[in-house]
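Beneath this line is the structure, given in structure tokens, with notes to follow.
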Amino acid sequence: EVEVDKSTGKVLVKRFLLSHDCGLIINPDGLKNQIEGNIIQGVSRTLMEEVKFDSSGIKTLDWNTYPILRFPDVPEIEIVLINRPDMPALGGGEPSSAPIAAAIANAIFDAVGVRLRDAPFLPERVLAGMKKT
């Protein structure tokens, strides 16, 4: 679930629900912690993380020029684990990162009718997309 400020283009992910099937779950708390971290990192990458450079080199050299998601902007996270004791433990973690950008892109489309394909979904990219529709 996202909120899009139509005047600024800023996207705020309000809630993220992720269902995860990784076979046999051995440590559900550890698995949830890993998935939660992947969601937070994925939201951050999707909305704001971008390495900028020009002909002289990389311009993103510190946290001021390479912003990351801060605690006030962390969404409510709900994780549904699917335990399949008849399967081997297939690992948790990284697979939960894969759908994050697509899920946010679809939520933005549902909110304002803009189909974004270039991450990060910076406010100026959202505004440019809204001008096209």
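The values are calculated or read from the model by the stated rules, or taken from the named source; none is laboratory data. Note that the coordinates shown come from a computational prediction; the quantities given were computed from them, not determined experimentally. For neighbour counting, all protein chains shown are included, and Cβ atoms are generated from backbone atoms with ideal geometry for every residue, glycine included.
Does ALA103 fit the bill of being out of contact with any Cys (no Cβ under 6 Å at 6 or more places or on another chain), within 14 Å of LEU18 (Cβ to Cβ) and aliphatic (A, V, I, L, M)? Steps first, answer last, please.
Working: out of contact with any Cys (no Cβ under 6 Å at 6 or more places or on another chain): yes; within 14 Å of LEU18 (Cβ to Cβ): yes; aliphatic (A, V, I, L, M): yes.
Judged against the criteria, ALA103 is a match.
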(message) I'd like to verify a number: residues in region 85-122 that are loosely packed, with under 14 Cβ neighbours inside 10 Å, over 14 Å from the mean Cα position of the chain (by Cα) and not in a helix (DSSP H, G or I), how many?
(response) 8
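Please work out if LEU90 is more than 30 Å from SER7 (Cα to Cα) and modelled with pLDDT under 95. Can you show your working first?
Working: more than 30 Å from SER7 (Cα to Cα): yes; modelled with pLDDT under 95: yes.
Criteria met by LEU90.
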(request) Looking only at region 51-77, count how many residues are more than 14 Å from the chain's Cα centre (by Cα) and charged (D, E, K, R). (result) 4
(message) Checking ALA103 against (1) modelled with pLDDT of 95 or more; (2) touching a helix residue (DSSP H, G or I) at 6+ places or on another chain (Cβ under 6 Å): exactly one of these is not met. Which one?
(response) (2)
